[in-house]
Amino acid sequence: MLEFSILLPAILNGLTIGAIYALIALGLTLIYGVLHIINFAHGSLLMLALYGVFFLHSLFGIDPYLALPVAAVALFGIGYGLQRFIIGRASHGKDENILLVTLGLSVIIENLALYLWRSDTRTIETPYSFEVLDFGVAFIPVPKAVAFVGALLVAALLWLLMTRTDLGRAIRALARERQGARLVGINVEHIFAMSFGIGCACLGVAACLLLPSFYVSPQVGHAFVLVAFTVVVLGGMGSFVGALLGGLIIGVTESLGGLFLGESLGQLGIFLIFIIVLLFRPTGLLGQKA
Amino acid sequence: MRTPWVILIFALVLLPLPLLIRSEFWLTWLTLALFYAYLGQAWNLLGGYGGQFSFGHALFFGTGAYCTAVLQIQFGINAWAGFVLAAVAAGLVGAATGWLVFRYGLRGSYFALVTLAFAEVFRILANSFAFTGAGVGLLVPLKPGAWQMQFETKAGFFWLLLALVVACLLFTWWLQNARFGARLMAVRENEDAARALGVDPFNTKLLAIIASGAIAGTAGAVYVQLFLYVDPGIAYGPSMSVEALLVPIIGGLGTVFGPVLGAFALHAIAEIGRLVFGEAPGLNLVLYGVLLVLMVLFLPNGLFGLGRFGFGLQRRFKRGGTHA
């Protein structure tokens, strides 16, 4: 029988990792839900955001949490531009082309980072980096607790945006019926780019919440990209609540996998879940039948 | 039938090159271009003719590479036998993945992602087991001699790869005219329509992924003899998967000569890139990425599509850019 005192901290730790996964996957699920495309460059864009936040801190001494609006706006701009001028144009009406272009973009961004910043792993230190909250059974580092709450807030914000604003209504209309939306006067290219931009803005937020407790390196996106897809698939494509739930499940799986199988094999659980869910329940836990 | 003659001319032109070229550098360059043409042909079979875009062809390449290397190191099995067994092992992995993935109807982007996930699973496993050398990788003993598939000079590998590429070209040409090829292309164009016409998409795609995997596996077997080293990153990492798909996409998807054209073009560009940017890490891959994006943006039919470019432009104008 396993000690509860080992299991519980692992689960709590998994939940905080999962919140970060959820945060990254929220943007991806928005992009998938509307554009029906798989943004392969999602992990690389997160890496770019992490470097942005890192340099804001190391060069100008700006606290990651204060950098949040800057990072979100910058990533929104990058995402909007990418979709409007490159990805949208490359589709030629085929999903495979979008997949290839986003793959190309991820190769470019990742290797440019490798050239510019070498493969060094970098971290930052904030006054609260090593602060912990005592939950009695486990200690949770303050940055991880903040990230957990942040993920919930971003999910709520996205939900409000989608249900309470004109932009959200336009996005949902577009996701449902592309031609119809165009006929009622919705600027399809603009709304597509807005969705992509908002999806990327989530990455800016994620980077700010992630960096105080995490590292950045040119390959860091690689570690996140399949995880984020797993979360999106697990949660049900396009479902925000699903992404949140999926993220937490994956986080706990990874944490427990690491506990039982060791660091390197622990990751295996994520990919196995991904494959199994895709095979047996491609609509995810909360997804509707296509 | 023009194609067999072009294949014959291609073989005859390249055959004497090792005797004419004295530069070790250019011979290596040609050998590697042939290697990637071979790997690209494997991908083209499934991706180009079958329309199934795999993002994880390293899964097959790596399985073939590890299969020969482990058999050679642990059991002293001859490399040529290892070559055949690599084809069998990678073909079996192809059969297993294909059976799972196609049975449950994964198409398009999901197929791409799930192949990538399979390659990652294998990378993690190769990283953890002792018999694969874990993260350190495996060093294959040097035993020069054609009987060991290790050649004294680069010329030997050049001729071996040339023979493999030519065999693959002939196979692809045969495929294009065979019933099976017609079925495969029908599935690519419209799976539901193909089924309505009596084609079994599952069996067709399964055969294609087995053949594609087996060929990619033999590419792995040759790679191991050429470089005498393999580790999880080389075998199952994403860069081999990207090379495998880049080559036919640049050359022309679903064409016999596309991968050959793509491999030579890609490596010529990579070489020019190295001259311009120097040996800086990552920059040649940046070039690959830019090339991929530009290809999809402006030449979705690959270099082979250049001939049809005028026609394509015309069609695009007619559609009036209503696509999303």
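The values are calculated or read from the model by the stated rules, or taken from the named source; none is laboratory data. The structure displayed is predicted, hence computed values, not measured ones. Here the Cβ positions follow ideal geometry from the backbone for every residue, glycine too, while neighbour counts run over all protein chains shown. All accessible areas refer to the heavy atoms of the entire protein, side chains included, with ligands and DNA or RNA removed. Shrake-Rupley method; radii C 1.70, N 1.55, O 1.52, S 1.80 Å.
Those residues that are in contact with a Gly (Cβ under 9 Å, 6 or more places away or on another chain) and open to solvent by 30 Å² or more (accessible area, probe 1.4 Å), I need them from the range A:142-158; list them, please.
Correct list: A:Phe148 only.
Quick one: is A:Gly221 over 30 Å from A:Ala170 (Cα atoms), within 14 Å of another protein chain (Cβ to nearest Cβ) and without any contact (Cβ under 8 Å) to a residue 24 or more places away in the chain?
Considered against the rule, which asks whether it is over 30 Å from A:Ala170 (Cα atoms), within 14 Å of another protein chain (Cβ to nearest Cβ) and without any contact (Cβ under 8 Å) to a residue 24 or more places away in the chain, A:Gly221 comes out as no.
Out of everything in the range A:70-110 that is at the interface with chain B (Cβ under 7 Å from one of its Cβ atoms) and small (Gly, Ala, Ser), what residue ends up being most open to solvent (accessible area, probe 1.4 Å)?
Looking at the filtered set, the residue picked out is A:Gly93.
Sort out which residues of the range A:124-141 are surrounded by 13 or more Cβ atoms within 10 Å (Cβ to Cβ), of a type in the set (Val, Ile, Thr) and in contact (Cβ under 8 Å) with a residue 60 or more places away in the chain, and write them in order of number.
Of everything in the range A:124-141, those that are surrounded by 13 or more Cβ atoms within 10 Å (Cβ to Cβ), of a type in the set (Val, Ile, Thr) and in contact (Cβ under 8 Å) with a residue 60 or more places away in the chain turn out to be A:Ile124, A:Thr126, A:Ile140.
If A:Val227 satisfies all but one of (1) under 29 Å from A:His57 (Cα atoms); (2) touching a Gly at 6+ places or on another chain (Cβ under 8 Å), what's the number of the condition it fails?
Exception for A:Val227: condition (2).
Name the single residue, out of those in the range A:168-207 being among the hydrophobic types (A, V, I, L, M, F, W, C) and touching a Ser or Thr at 6+ places or on another chain (Cβ under 9 Å), that is most open to solvent (accessible area, probe 1.4 Å).
Restricting attention to the range A:168-207, the residues satisfying the condition of being among the hydrophobic types (A, V, I, L, M, F, W, C) are A:170-171, A:173-175, A:181, A:183-184, A:186, A:188, A:191-194, A:196, A:198, A:200-203, A:205-207.
With the extra rule that they be touching a Ser or Thr at 6+ places or on another chain (Cβ under 9 Å), the set shrinks to A:171, A:174-175.
Working: A:Ile171: 1, A:Leu174: 3, A:Ala175: 32 Å².
Looking at the filtered set, the residue picked out is A:Ala175.
Please pick out the residue among A:Ala145, A:Ala138, A:Ala151, A:Ala113 that is of a type in the set (A, V, I, L, M, F, W, C), more than 14 Å from chain B (Cβ to nearest Cβ) and over 25 Å from A:Phe4 (Cα atoms).
A:Ala151
Is there a residue in the range B:79-86 that is on the phi > 0 side of the Ramachandran plot, open to solvent by less than 40 Å² (accessible area, probe 1.4 Å) and at pLDDT below 90?
no
Residues that are crowded, with 17+ Cβ neighbours inside 10 Å, touching a Ser or Thr at 6+ places or on another chain (Cβ under 7 Å) and touching a residue at least 12 places away in the same chain (Cβ under 8 Å): which helices (runs of 4 or more DSSP H) entirely in the range B:179-294 hold 2 or more of them?
B:179-189, B:201-227
State whether the residues of the range B:109-127 include one that is open to solvent by 20 Å² or more (accessible area, probe 1.4 Å) and over 28 Å from A:Ile98 (Cβ atoms).
Among the residues of the range B:109-127, at least one is open to solvent by 20 Å² or more (accessible area, probe 1.4 Å) and over 28 Å from A:Ile98 (Cβ atoms), which makes the answer yes.
Which of the residues spanning the range A:49-69 are farther than 21 Å from A:Ser106 by Cα, without any contact (Cβ under 8 Å) to a residue 40 or more places away in the chain and in a helix (DSSP H, G or I)?
Passing the criteria: A:Leu56, A:Leu59, A:Phe60, A:Pro69.
With B:Phe171, B:Phe158 as the choices, which residue is at pLDDT 90 or above, open to solvent by 60 Å² or more (accessible area, probe 1.4 Å) and under 16 Å from B:Val260 (Cβ atoms)?
On the way: B:Phe158 fails: open to solvent by 60 Å² or more (accessible area, probe 1.4 Å).
Sole residue among the options that is at pLDDT 90 or above, open to solvent by 60 Å² or more (accessible area, probe 1.4 Å) and under 16 Å from B:Val260 (Cβ atoms): B:Phe171.
Pull up the range B:133-154, narrow it to residues that are touching a Leu at 6+ places or on another chain (Cβ under 7 Å) and not in a strand (DSSP E or B), then point me to the one that is least open to solvent (accessible area, probe 1.4 Å).
B:Val140
Considering each of A:Ser264, A:Ser217 in turn, give the residue that is of a type in the set (Ser, Thr, Tyr), at pLDDT 85 or above and over 30 Å from A:Met162 (Cβ atoms).
Among A:Ser264, A:Ser217, only A:Ser217 is of a type in the set (Ser, Thr, Tyr), at pLDDT 85 or above and over 30 Å from A:Met162 (Cβ atoms).
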